[in-house]
Amino acid sequence: MTTALTTVPGRALHYVFKIGDRAKNAFFFRDILGMKILRHEEFKEGCDAECNGPYDNRWSKTMVGYGPESSHFVIELTYNYGVKSYEMGNDFGGVTIHSSEIVRRATEHSYPISKVNDGHLLTSPDGYRFHVLDKPLPTLNRDPVQSVELLVTDLAASRQYWHDLLKMQLLEQHDHSLLLSYGELQAKLRLTRINEPLNRAKAYGRIAFAVPSSVQPPLHEAVKAVNGTILKPLITLDTPGKATVSVLILADPDGHEICFVDEEGFTQLSQVEPDGSERLDKNIAKDPFQEGNENVEQA
């Protein structure tokens, strides 16, 4: 008999971007946004949970953010060797950051930046949007990354899925958007309705949350009970020399991918690596597919 979930003690971890040029992205995230390289990993073959998308090839993962993933929401940059770019869809709204320094750095480096009603808009080398607000950080949540926005087609269905099924707290509800979170000291998830078909194309990402391992099986059963989409049932992932983690990969009604990883294993796996930035630069320098090599096919 399935035990009904009343709460999910989740913690927002990261959002996954597929990138085509690591050098350009390293400059954008480090020198423009001011994030740190938290860790960098190289893999010889595709991930069993398709962390790098549906590609069975050599790839890398670079975690970037303003602080450790134990206390900050970060970005996972996945790079597939030989893939220079990805078709962008209309599924991703953007990341909202509170900062008074990003605009100054962008101006100093002549990086394109646009003024919008409530702040400024920057676009990463691969087309991902970052909304920068010149505001002081909240007293409690000191992470500059305040929210991530996903675009959806049916707000009622999204509320039923994210709030009723996944048990995220509903913080705000408007005619065209919802604001949800698993906790006060975390980055929030904003779901905004669009009045057109949603296309995730090939640049689609994935949002990740950590939960206690004891929550994963009943969460799996709860989603299965309502015929929800389960992209990957509970599986274990090994990273050489690091902790093994268990993951459950779901998809919401619009196909947005959601990863629930066990808190116990991920806490060990996500430790900051002091040499992460150095190893990223080293692998960029010896990458045969770095910009300038014309014999690379686009995805």
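The values are calculated or read from the model by the stated rules, or taken from the named source; none is laboratory data. Computed from a prediction, not measured in an experiment: that's the story for all the values here. Note: ideal-geometry Cβ built from the backbone for every residue, glycine included; neighbour counts use all protein chains shown.
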Only one of K202, K224 that is without any contact (Cβ under 8 Å) to a residue 60 or more places away in the chain and of a type in the set (D, E, K, R): K224
Residue in the range 13-23 that is farther than 30 Å from V226 by Cβ, at pLDDT 95 or above and in contact with a strand residue (DSSP E or B) (Cβ under 6 Å, 6 or more places away or on another chain) present: yes
A187 vs. criteria among the aliphatic types (A, V, I, L, M), exposed (fewer than 14 other Cβ atoms within 10 Å of the Cβ) and out of contact with any Lys or Arg (no Cβ under 9 Å at 6 or more places or on another chain): no
Residues I207, I235, I230: which one is hydrophobic (A, V, I, L, M, F, W, C), under 21 Å from the mean Cα position of the chain (by Cα) and modelled with pLDDT under 95? I235
Please go through the range 152-205 and pick out each residue that is outside any loop (DSSP other than H, G, I, E, B) and either of a type in the set (S, T, Y) or closer than 20 Å to E76 by Cβ (or both). S158, Y161, S177, S181, K188, L189, R190, T192
Within the range 234-246, does at least one residue satisfy the condition of being farther than 22 Å from L38 by Cβ and in contact with a Leu (Cβ under 7 Å, 6 or more places away or on another chain)? yes
Under 6 Å between Cβ atoms, which residue pairs at least 6 apart in sequence (or on different chains) link something in the range 238-266 that is within 18 Å of L189 (Cβ to Cβ) with a partner that is in a strand (DSSP E or B) and of a type in the set (D, E)? A251/E257
Out of Y111, Y79, which single residue is part of a loop (DSSP other than H, G, I, E, B), among the hydroxyl-bearing types (S, T, Y) and touching a residue at least 12 places away in the same chain (Cβ under 8 Å)? Y111
Which pairs turn up if I take residues in the range 42-56 that are of a type in the set (D, E) and look for partners that are buried (at least 18 other Cβ atoms within 10 Å of the Cβ) with beta carbon separation below 6 Å, at least 6 apart in sequence or on another chain? E42/S60
Condition (residue is closer than 30 Å to F27 by Cβ and either touching a Cys at 6+ places or on another chain (Cβ under 6 Å) or assigned to a loop (DSSP other than H, G, I, E, B) (or both)) applied to the range 220-239: is it met by at least one residue? yes
Select from the range 30-50 the residues that are surrounded by fewer than 21 Cβ atoms within 10 Å (Cβ to Cβ) and either of a type in the set (K, R) or part of a loop (DSSP other than H, G, I, E, B) (or both) and list them in ascending order. R30, G34, K36, K44, E45, G46, C47, D48, A49, E50
Exactly one of (1) out of contact with any strand residue (DSSP E or B) (no Cβ under 7 Å at 6 or more places or on another chain); (2) within 27 Å of V8 (Cβ to Cβ); (3) at pLDDT 95 or above; (4) surrounded by 13 or more Cβ atoms within 10 Å (Cβ to Cβ) is unmet by S158. Its number? (1)
